[in-house]
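The values are calculated or read from the model by the stated rules, or taken from the named source; none is laboratory data. As the structure is a computational prediction, the values presented were derived from the model and not from experiment. Every residue, glycine among them, receives a Cβ derived from its backbone with ideal geometry; neighbour counts consider all protein chains shown.
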Amino acid sequence: MTPSLDQFLQRRPYNAVTDFVDANVARGLGNKVAFTDSERSLTYAQLQEGTYRFAAALRALGLRVRSRSGARSARASCPSLSTRY
């Protein structure tokens, strides 16, 4: 089910992963390519699994929901950063 404009604009803490990754997995698009670079391609399901692992690693380091943090990668591709950990 596609959210209405009112639902989309509803004030909530924004999480891009929810809108761009989780929503596509929920729509049954988990096996579709979400990201590609010169080294590899990742499906939505692989990107989701990698970001969950990255979030778990941050929690293990003591970060909590709504904590501010930063991450930097020598590579321009953010998905690589989030799926390497």
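Quick notes on this one:
- Within region 36-85, being charged (D, E, K, R), modelled with pLDDT of 85 or more and closer than 19 Å to residue 15 by Cα holds for 49, 53, 59.
- Inter-residue pairs, beta-carbon under 8 Å, first within 13 Å of residue 51 (Cβ to Cβ) and in region 3-24, second modelled with pLDDT of 70 or more and assigned to a loop (DSSP other than H, G, I, E, B), 6+ apart: 24/30; 24/32
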